[in-house]
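Participant: Here it is, the structure in full.
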Amino acid sequence: MQPSDVPETVTLDELDYQLITALQLAPRADWQRIGAALGVDGSTAARRWNRLYRSGHAWLSCLPAQLAIPSVVLAVIEVDCVAGRLPEVAAGLAGDVNIVTLEHVTGARDLLIQAAFADHAQLARYLSFRLGMLPGVAASRTQIAVTVHIEGSRWRLDRLTESARQALTEGRPSGDTKRKLTGEDLDVMRILSDDPRQPAVRIAERLGLSPTTVRRRLDRLDADRSIVYRAEVARYVSGFPISVSLWGTLPPGDLGRVVSRLSGMRETRFCATLSGTANLLLVVWLRSVPEIAAFEARLGAQVPELTIIDRSVALWVMKLGGHLLDPLGRNLRSVPLNFWSDPVSDAAEGELLARLRQAGG
């Protein structure tokens, strides 16, 4: 199931916001359980979700949890475009399976990318043979996320009562093992990313496995916290339509204390330690542009160790968590992440190596 090709504008009511919050807490819970937590029947909850999803105003995505641990290389890439070529460059990059987030932003770069790679060699191939050769790209700068401390799956609308939250989270595993994913696990995630609520029977049919095997793998992925789910909402109806990326410098010894404070802030969407001079990237969702200055003032008061040295406001979040979005932040379609494979860059590198071998002969 895909959202409408031309998303409609809808007005969300309180039950819609509660439903999205419920799916942020329990993305694969059955509709009866979700409805019970919201005080409605399961069919009403399912009907509401289908309306939100088909109009592009809410959707689910899933990502390997290794995006948040060192075994995967997460790169933050700034791209400068040739004048007048930004739309062409953005369209060319949007479908890349390595790119998690793609934004058209203000400030000292045109596009801001978060992309995941299996290792540093694959990142180098992508920068040289894909991004570096793309028509319309004038320059790029790359930093590596040394550690991702906070990512989008933790962000909440927070529209539920405590009793409703407990009803949805009761019995969920509390561990945080994040074991290494196998090829079979990644196959399940690839299919699941099309629709994270699809039943195990459908996944089994597409993979040629038994439903029991798929259920066992899904249960293990959930228990090991090897998979993270996101229930997203179009930002123009989220109450937090402004996305701001803040680059800062932080003494290494203050990292733990500062990250703890940042994670407690309602606005924090993403926080990572970077490899460059600006060693911290913070992405926050705010209610308005004038709130940027107020947030930075509050940040300075609560986290005086952090010095903000640059900032960008997203003009258009074109891709978020592997989903392509329209200018209002409505979901258009998914692009399943496949960061462990990059055939375009691999082929280009292979051609170069072949030429080098011939030259040496």
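The values are calculated or read from the model by the stated rules, or taken from the named source; none is laboratory data. Keep in mind that this is a model prediction, so the values were computed, not measured. As a convention, Cβ positions derive from the backbone with ideal geometry for all residues, glycine included, and neighbour counts pool all protein chains shown. In case anyone asks, the SASA skips ligands and DNA or RNA and just uses the protein heavy atoms, side chains included. Shrake-Rupley method; radii C 1.70, N 1.55, O 1.52, S 1.80 Å.
Participant: Near the amide H of Ala145, under 5 Å away, which other amide H atoms are found, from residues 5 or more places off or on another chain, if H is placed in the peptide plane?
Facilitator: Answer set, sorted by chain and number: Leu74, Ala75, Val76.
Participant: Got a number for carbon plus sulfur as a percent of the range 222-361's accessible area, 1.4 Å probe?
Facilitator: On the range 222-361, the fraction of accessible area on carbon and sulfur atoms equals 58 percent.
Participant: For Val146 paired with Ser263, estimate the spin-label separation in nm (one decimal), with each label point 7 Å from Cα along the Cα-to-Cβ line.
Facilitator: In this crude label model, Val146 to Ser263 measures out at 1.8 nm.
Participant: Accessible area per residue for the chain in Å², computed with a 1.4 Å probe and the full protein assembly in place, what is it?
Facilitator: 43 Å²
Participant: What distance in nm lies between label points placed 7 Å from Cα along the C-beta direction at Asp222 and Leu328?
Facilitator: Reported label-point gap for Asp222 and Leu328 is 3.3 nm.
Participant: Quick query: amide H of Val97 versus all other amide H atoms, modeled in the peptide plane; which residues come in under 5 Å with a sequence gap of 5 or more or a different chain?
Facilitator: When sequence neighbours closer than 5 places are left aside, there are no close amide H contacts.
Participant: Another question, if that's okay. In whole percent, how big is the carbon plus sulfur part of the accessible area of the range 38-189, probe 1.4 Å, protein atoms only?
Facilitator: The value for the range 38-189 is 53 percent carbon and sulfur by accessible area.
Participant: So, one more: Say R0 is 30 Å: what FRET efficiency, to the nearest 0.05, do Ser128 and Asp158 get from their beta-carbon distance?
Facilitator: 0.10
Participant: Provide Arg47, Arg269, Arg202, Arg156 ordered by accessible surface of protein heavy atoms (probe 1.4 Å), highest first.
Facilitator: Details: Arg47 145, Arg269 10, Arg202 110, Arg156 55 Å².
From most accessible down to least: Arg47, Arg202, Arg156, Arg269.
Participant: Residue by residue through the range 129-146, what is 3J(HN,Hα) from phi via Karplus (6.51 cos²θ - 1.76 cosθ + 1.60, θ = phi - 60°)? Round to whole Hz and write x for glycine and proline.
Facilitator: For the range 129-146, the Karplus curve yields 9, 10, 5, x, 9, 6, x, x, 8, 8, 6, 8, 9, 10, 10, 9, 6, 4 Hz.
Participant: If the label point is 7 Å along Cα→Cβ of Ala139, which residues in the range 240-265 have backbone nitrogen under 20 Å from it?
Facilitator: Zone members listed by number: 247-248.
Participant: Given [x] 117, 44, 38; [y] 70, 55, 43; [z] 60, 42, 41, which label gives Cα extents along the principal axes in Å as computed from the coordinates?
Facilitator: The listed entry that was calculated here is [y].
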